[in-house]
1. On the given criteria, is THR209 hydroxyl-bearing (Ser, Thr, Tyr) and touching a Gly at 6+ places or on another chain (Cβ under 7 Å)?
2. Please go through the range 114-136 and give me each residue that is closer than 22 Å to VAL224 by Cα and either in contact with a helix residue (DSSP H, G or I) (Cβ under 7 Å, 6 or more places away or on another chain) or modelled with pLDDT under 90 (or both), ordered by number.
3. Show the residue pairs that are 6+ apart or on different chains and have beta-carbon atoms under 6 Å apart, the first residue being within the range 16-34 and of a type in the set (Lys, Arg), the second being surrounded by 10 or more Cβ atoms within 10 Å (Cβ to Cβ) and part of a loop (DSSP other than H, G, I, E, B).
4. Before we move on, is PRO197 within 20 Å of GLY44 (Cβ to Cβ), without any contact (Cβ under 8 Å) to a residue 40 or more places away in the chain and surrounded by 15 or more Cβ atoms within 10 Å (Cβ to Cβ)?
5. How about the range 128-164: which of its residues are surrounded by fewer than 17 Cβ atoms within 10 Å (Cβ to Cβ) and within 14 Å of the chain's Cα centre (by Cα)?
6. Condition (residue is charged (D, E, K, R), surrounded by fewer than 21 Cβ atoms within 10 Å (Cβ to Cβ) and more than 21 Å from ARG173 (Cα to Cα)) applied to the range 76-83: is it met by at least one residue?
7. When the range 106-134 is examined, which residues are found to be among the β-branched types (Val, Ile, Thr) and touching a residue at least 12 places away in the same chain (Cβ under 8 Å)?
8. Return the only residue of ARG99, ARG57, ARG64, ARG73 being assigned to a helix (DSSP H, G or I) and either modelled with pLDDT of 95 or more or out of contact with any Ser or Thr (no Cβ under 7 Å at 6 or more places or on another chain) (or both).
Amino acid sequence: MFRRIAFWILKAILAFLAVSIGMVAIYRFVPPPITWTQIGDIVGGHGATKRWMSIDRIDPNMTRAAIAAEDARFCTHHGFDLTAIEQAYARNQQGGRIRGGSTISQQTAKNVFLFQGGGYVRKALEAYFTVLIENIWGKRRIMEVYLNVAETGIGTYGVNAGAMRYFKHDASRLSPREAAQIAAVLPLPKKRAGIDPRGFTRRYGNAITARIGTVRGDGLDDCVR
């Protein structure tokens, strides 16, 4: 009995590995057709507006804004930024606004392959898929997928759809301020306003705008150029 159970567990693990690695390999070349978050918005009646755009066409200001806002060490880490995790933990212990330490790679793994929310199982799967995409996709593809699947508003996915929604033009031409406004929405897209932002969102957008030049000057976006 024990051997039979062990056999089926091993078989399930091998099947999961084969399917997951196969999906990651396919998405190295093919845009992910839909995500669990998008399905949730569709079921919830919000729809899912998305307009895929290759990273070659997305304005570099957007890539730099994402790095400035979400993951300054994106080009140098291997999927996990221990320094950012430690800093986020220290800030959260002090109280106030809760911040995470997830990298763009981790967020992409979660957005494409998993569901939102916490829990040890989900975090373990996120780490697993992060390792896969770092090794199979590489940085440029990770950034491309991230900028196309990240939620940029209620029922809006990707920076191109976000640009069309907020600025009435596509993401191939974004000013630093426009790119920063989209990036400022990314952590809480259902609660932050991309148009006429106020309070923290406005201040955060201004800070991102100021950092875009630093990202370019310090070569923090070299891996995606």
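1. No; evaluated as a whole, the condition is false for this residue.
2. Selection gives PHE129, THR130, LEU132, ILE133, GLU134, ILE136.
3. Close Cβ pairs (under 6 Å, with a partner that is surrounded by 10 or more Cβ atoms within 10 Å (Cβ to Cβ) and part of a loop (DSSP other than H, G, I, E, B)) amount to ARG28/TRP137.
4. no
5. Scanning the range 128-164 gives a single hit, ARG140.
6. No, that holds for no residue.
7. Correct list: THR108, VAL112, THR130, VAL131, ILE133.
8. Of ARG99, ARG57, ARG64, ARG73, the one residue that is assigned to a helix (DSSP H, G or I) and either modelled with pLDDT of 95 or more or out of contact with any Ser or Thr (no Cβ under 7 Å at 6 or more places or on another chain) (or both) is ARG64.
The values are calculated or read from the model by the stated rules, or taken from the named source; none is laboratory data. Source: prediction; values computed, not measured. For neighbour counting, all protein chains shown are included, and Cβ atoms are generated from backbone atoms with ideal geometry for every residue, glycine included.
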